[in-house]
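**Q** One structure coming up, written as structure tokens, with questions to follow.
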């Protein structure tokens, strides 16, 4: 590795600290524009949760001494190492982080396709979520039992499938938590009133760790299944952007994917409202938002609850909607090589299947074929 590598690494480190002159920044951007590997390394550091804390140490570093230390370290390594590793190692030394944190991780969900129809296979989603506490600290949920404390001393208990908040009195202060389920995940949370919320993939729930006496209010992005603890003196509200679902004690599903709002009532009663109008649902009905108003129709409860019971359920669904469900659950990038608007699917299949099983079912029952490259799902017209 030559001095040029270390110099570029030093520029990246100073860029992260917003400590470059206009000329230096222009030069660095020109270098990055010509090298995808360097851009990826920069992106990894910018997305590192602890980067700001690490950067605070930079003013105490002797850069010349760091260069000599790195040069000595690299002399012990084999020259066949990839060049991008050298850049990562140089930045890592400057930042005081482990270079191994930045190495591309093998995606454990990509496995061999035993059917032989695809280049590889993808494992189904699993229980996982990210909890953000009121102080900004983030915890990964879904692997093992753990407990943590909030700023006010509230103890939270998490298992592999569910996060539980203790039931308490009025909130002493407005401490807010966020639980986010990424692609390929699902997770549940028991709120401080005893209500249970199951979150689907690519969903986020924002809520206080203790509710006030006046109301119980949470905010949702994505899809969730609610089982609300009854309390007629303390209404439960779900904020959905500029719309709201109000309940007293009930079971319902809300989906807000792709800016489409669908509320399906299983039991109890809810009012779905916007700034201009509102509707009250009865069990077995669903409300969807169309053209600045709500449309109410008879719901397919099996379909609305299928994901909570571990199934995909299609009933004449458009292929694009079907594939978007798969993309969220398996973490796929969809690439369309044909128009899929005229293709529809019906049937159900377990969500714990590998992707190949689901694709084979779609392939056998429709006019589309599929190619899988890593997590890129390419959709073709069947020949």
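Computed from the coordinates by the stated procedures, all read-outs in this text should not be read as laboratory data. Computed from a predicted structure; not experimentally measured. No Cβ is skipped: glycine too gets one built from the backbone with ideal geometry, and neighbour counts run over all protein chains shown.
**Q** Report the antiparallel proportion of the DSSP beta bridges in region 311-381 as a percent, rounded to a multiple of 5.
**A** Roughly 75 percent of the beta bridges in region 311-381 run antiparallel, per DSSP.
**Q** Can you tell me how region 244-313 classifies by the Cα gyration tensor, rounded, prolate or oblate, using a/c under 1.5 as the rounded cut?
**A** oblate
**Q** Right, another one. By counting other Cβ atoms within 10 Å of each Cβ, how are 300, 364 ranked from fewest to most?
**A** With the fewest neighbours first, 300, 364 line up as 364, 300.
**Q** Which of rounded, prolate, oblate describes region 298-356, given a ≥ b ≥ c as roots of the alpha-carbon gyration tensor eigenvalues and a/c under 1.5 marking rounded, otherwise prolate only if a/b is larger than b/c?
**A** In terms of gyration-tensor shape, oblate.
**Q** Among DSSP beta bridges whose residues both lie in region 124-304, state the antiparallel percentage, nearest 5.
**A** For region 124-304, the DSSP antiparallel bridge percentage is about 85.
**Q** Still on this model: Give the order of 25, 162 when sorted by the count of other beta carbons within 10 angstrom, beginning with the fewest.
**A** Taking fewest neighbouring Cβ atoms as first place, the list is 25, 162.
**Q** Right, something else. Rounded, prolate or oblate: which fits region 175-250, taking a ≥ b ≥ c as square roots of the Cα gyration tensor eigenvalues, rounded meaning a/c under 1.5, else prolate when a/b beats b/c?
**A** Prolate, since a/c reaches 1.5 and a/b exceeds b/c.
**Q** For the residues 188, 274, 293, what sequence is obtained by ranking on other C-beta atoms within 10 Å, fewest first?
**A** The most exposed by this proxy come first: 293, 274, 188.
**Q** Between region 263-285 and region 238-261, what is the separation of their alpha carbon centroids in Å?
**A** So the separation of the two Cα centres works out to 9 Å.
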